[in-house]
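The values are calculated or read from the model by the stated rules, or taken from the named source; none is laboratory data. All values reported here derive from a predicted model rather than from experimental measurement. Ideal geometry is used to build each Cβ from the backbone, glycine not excepted, and the neighbour counts take in all protein chains shown. For accessibility, only protein heavy atoms count, side chains too; no ligands or nucleic acids. Shrake-Rupley method; radii C 1.70, N 1.55, O 1.52, S 1.80 Å.
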Amino acid sequence: MDFSLSEEHVMAQQMVRDFAQREIYPTLKEWDRKQQPHPRVLPRMAELGILGINIPVRYGGQGFDYLTLALVCEELERVDTSLRVVMSVHMGLNSMALLQWGTEEQKQRLLVPQARGEKIGAFGLTEPDAGSDPVSMHATARREGDVYVLNGEKMWISLATKADHILVFAKTDPAAQPAHKGITAFMITSDMKGVSTGDIHGKLGVRAGSTGWVAMQDVEVPAENRIGEEGEGFYIAMSCLDNGRYTVGAGAVGLIRACLEDSIKYSLERRTFGKPIAEHQLIKQKIAYMQQWYDAARLLILRAGWMKNEGQRNTRETAVAKWFATDMSVKAALEAIQVHGAYGFSDEYDVERYLRNAKGAVIYEGASEIQQLIQADYALGFREDRPLRCELPAYDVDFWQEEE
């Protein structure tokens, strides 16, 4: 069992750390207050190859493994959650779905430009009345010759107004029994007639990120844009969430680290009763807890990443990693604010933003309560993984880095 990172891992990690710290952090507070994304985020992530970091070179990516994706997400969220959200939706929920479920033609036509950052991907599963219960979705798709006609609305969609390609789910057979077998996946494009999008403002956190809605009114989607088979959409969506939760959990590791590092710095500088507050036992306790949460969360994420590299199904392991890391990121943010005292209650310091951002991750991509049910069902034997028609491919360095 080797816990060391390779030279390639460290190189990618450092590149993303430098980008986030030098190019985004200096003006981040301004964009967070404006509740707008930094306009250079997506173009620069594309230029640096981040948007295709773990996609095979033959499909326009950089050819790194799944562990690299986790390291990238940690570094991005160390600065701000909105940066990691880009990777969760563009990579985890969309591009990796194409890698897993797409035909060769779809990979060349859709995945290649996404991995190069020429096109931005998003994911549309949640609806105004269907979140944790996606089978209750109202979006529909009916086949008419060579096209499907889609109608419906998706809500809380990250990058809704920034995306070119949106992986959406709709019912092709509303009467299917069981109901989840009536759902099908489609890749729509933002320029299709009948597609409209908008932004949501007034969010508690992730304010420097794009979150919105997607409406579809008689949208004609070519049959070649159907992802997978008819009725396979639920399985595709759940596999996407395996990858999305992996990125969310990895990002939460970065947020815990941010809380820890900022608290250490402040506690060594701030003095009370004639000495740095770092020397007070209750401050030490908070630092110790944050260190423990960081170490444990990181190990859970790295285990899930290793399993992805090996081609092993990791639904349970990814779910528990996401659950633990996000819950602990909220606790870490609360402790960091306490360490900072009154300053922690002000946006003069970053820790108040950490708390606002952390809260979202215990809700989206499967709330903590959903993750608890998943773990209980595995433990009780009520749930077991069945083989999928298309599994996420194991990392093969020769295939990943070969141009063709």
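Listed by position, the helices (runs of 4 or more DSSP H) enclosed by segment 1-61 that each have at least 2 residues that are within 25 Å of SER95 (Cα to Cα) and open to solvent by 10 Å² or more (accessible area, probe 1.4 Å) are 7-19, 41-47.
For segment 243-262, the tally of residues that are within 10 Å of the chain's Cα centre (by Cα) and surrounded by fewer than 24 Cβ atoms within 10 Å (Cβ to Cβ) stands at 0. Annotation note: Cβ proximity below 6 Å between a residue of segment 177-199 that is free of Cβ contacts under 8 Å to residues at least 60 places away in the same chain and a residue that is open to solvent by 30 Å² or more (accessible area, probe 1.4 Å) and among the aromatic types (Phe, Trp, Tyr) (sequence gap 6+ or interchain) occurs for HIS180/PHE234; ILE183/PHE234; GLY198/TRP213. Examine segment 66-87 for a residue that is open to solvent by 10 Å² or more (accessible area, probe 1.4 Å), of a type outside the set (S, T, N, Q) and not in a helix (DSSP H, G or I), and state whether such a residue exists. Checking segment 66-87: not a single residue is open to solvent by 10 Å² or more (accessible area, probe 1.4 Å), of a type outside the set (S, T, N, Q) and not in a helix (DSSP H, G or I). Applying the criterion of being of a type in the set (Lys, Arg) and surrounded by fewer than 20 Cβ atoms within 10 Å (Cβ to Cβ) to the residues of segment 189-232, the residue that is nearest to LYS119 (Cα to Cα) is LYS193. Here is a check on your reading of the model: is THR161 among the hydroxyl-bearing types (Ser, Thr, Tyr), closer than 25 Å to LEU42 by Cβ and modelled with pLDDT of 95 or more? Yes; evaluated as a whole, the condition is true for this residue.
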